[in-house]
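The values are calculated or read from the model by the stated rules, or taken from the named source; none is laboratory data. Worth saying up front: this structure is predicted, and the values here are computed from it rather than measured. As a convention, Cβ positions derive from the backbone with ideal geometry for all residues, glycine included, and neighbour counts pool all protein chains shown. Surface accessibility is based on the protein's heavy atoms, side chains included, excluding ligands, DNA and RNA. Shrake-Rupley method; radii C 1.70, N 1.55, O 1.52, S 1.80 Å.
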Amino acid sequence: MMMNDNYKSTCKPKALKTFLLVACIFLVGFLQNTSMLQDHQSKRYLEEVEKAKEPPRRRQLNILTLGGSVTWGAEIHNREDAYPFRLQSDYGHNVLNLAIRGTGSGYPAQCITSMMLRESKNDDPDEEDVPFDVIMFEFSINGLDGFPLLVERLKERYPDALFVYVDFFSLQNRGAFYSADARKLIKDSGGKVYFFGHTGDATAEFNYREEFDRKNPSDELRQLFAADGHHASSLGHNLMATKLNDIIDRYDLPTDPRLGSWLGGDKCTSWYDNGESSLRIISGGEMKEWDENHHKWAIEIQGEEGIMLQIDHDGKNAAPVNLQYMTKAGDPYDNTSSKYPPVIVNIAQDLLLGAYKAKERAIKSEVELVRNDIEKVEKIEEGWRYLSGLHKMIGMRSFHVSEISNVGILKPGINFIYVYPLETKDYPFRLTATIICEACGRLGWNDGLSKG
């Protein structure tokens with residue numbers, strides 16, 4: 001078919017226009033894609049630069065926390081708001097919280113291996129294969145008796161761990177115990193201290209007695225405490241978790257921390273939290289949940305003739321034994337205001353000729369005991385020990401907390417412990433734990449809490 005000249009002249013401009021339009025669309029699309037690719041590459045480059053500036057992400061750490069009711073998580077609606085649990089839930093660390101309510105550092109100082117063994121799948125604590133990177137302590141309001149022993153034992157077992165002391169205080173009474181020696185001990189071991197209530201640099205020195213008016217606390221300070229003014233609130237725990245994580249985040253911890261020795265360890269049994277004990281109550285007492293609201297347990301003396309207990313010592317050598325028991329006084333400066341009775345304690349290996357004979361003599365008031373007052377004993381018959389029912393530290397007597405005292409020597413095999421109350425008080429004598437510490441002796445600590 002033949003085309004005429006008019007058709008050719010009109011067709012060429014239209015085809016050119018169509019071609020140019022398609023070319024323009026293609027060029028615009030190409031330039032847009034190129035621009036988007038450049039933007040993506042530029043953004044990715046900037047992200048890589050910023051990432052390079054960031055410090056390397058901290059690995060998941062193994063943390064051990066030790067303390068009293070604050071670290072345990074008392075007086076808050078959800079116990080898992082306490083700082084040890086927050087270090088795990090908010091910051092991803094593995095945390096083992098072995099805090100015990102109403103207890104100072106004396107019990108873990110003598111019983112740390114037994115406490116660890118309760119949480120372990122191994123029967124032998126020396127077989128533990130997860131060393132701790134960080135160990136935290138909080139004992140300023142519950143008492144620091146035995147704290148140097150606790151630090152020494154943990155340093156022997158976990159030589160590469162970072163020790164962090166939480167210097168907590170209360171809005172009640174004197175606020176806290178004098179903790180300067182404990183803080184110095186931690187710092188001398190290469191550790192760090194966080195002062196509760198301080199919102200600035202986590203490791204800066206801070207004196208709550210100078211910074212805060214505890215008698216007329218500000219709203220900001222009051223919000224850091226629970227309703228009782230003695231324990232931390234959820235907000236206070238959040239502050240502690242934040243500052244403690246800040247401390248450990250700055251510290252250069254070894255990636256392969258070493259495990260040392262427990263030096264023979266200890267054998268301690270506490271039924272304070274669960275009412276479970278290997279002691280056999282022969283007569284005169286019962287295991288009782290004496291505080292049902294807070295689920296606290298003790299072996300209580302029932303009646304006036306005292307309690308007879310059987311304890312088995314499976315060691316090869318004789319060992320000192322300590323008892324942990326509850327204390328509280330109406331007036332810390334009046335030693336007659338104890339809510340608990342003074343008692344005398346005897347240990348024997350023979351039930352009939354030893355333990356029951358001791359019981360008979362105690363009931364008949366034949367045991368020689370000379371006291372100047374409730375606390376000061378001039379003389380006591382050999383084989384007997386005296387416990388006043390008062391906390392040894394006056395500052396602790398207003399609080400319902402435990403005390404630890406040595407009561408004699410256990411011989412290998414079966415032993416019988418007899419406890420006789422000398423008076424009737426508001427509360428019966430309440431026993432919460434027995435303590436046998438071989439490692440304490442190997443480190444040179446007499447009766448667990450004094451060295452030399």
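Brief remarks on what is shown
- Here the accessible area is traced with a 1.4 Å probe on the protein chains. For region 78-175, carbon and sulfur cover 40 percent of it.
- Charge context of Phe212, other residues only, Cβ under 12 angstrom, K/R +1, D/E -1: 0
- Across Lys187/Lys267; Lys316/Lys411; Lys155/Lys192, pairs whose alpha-carbon gap is larger than 18 Å: Lys187/Lys267
- Overall, the anisotropy analysis places region 190-341 in the oblate class: the square-rooted eigenvalues a ≥ b ≥ c of its C-alpha gyration tensor yield a/c not less than 1.5, with a/b not exceeding b/c.
- Summarising the overall dimensions of region 187-261 from its C-alpha atoms, the Rg and Dmax are 15.5, 48 angstrom.
- Accessible surface for region 331-384, divided over its residues, is 58 Å² per residue with a 1.4 Å probe.
- Carbon/sulfur fraction of accessible area - region 195-321, other protein chains in place, 1.4 Å, %: 42
- Residues listed by number, region 78-105, amide nitrogen under 13 Å from Lys392 label point at 7 Å toward C-beta: 104-105
- Solvent exposure of region 142-213 as accessible area per residue, Å², 1.4 Å probe: 40
- Of the residues His400, Val367, Trp384, the one whose Cα sits farthest toward the positive end of the charge dipole of region 365-407, with +1 on the Cβ of Lys and Arg and -1 on the Cβ of Asp and Glu, is His400.
- The apolar share of the surface of region 344-425, taken as the fraction of accessible area on carbon and sulfur atoms (1.4 Å probe, ligands and nucleic acids excluded), comes to 51 percent.
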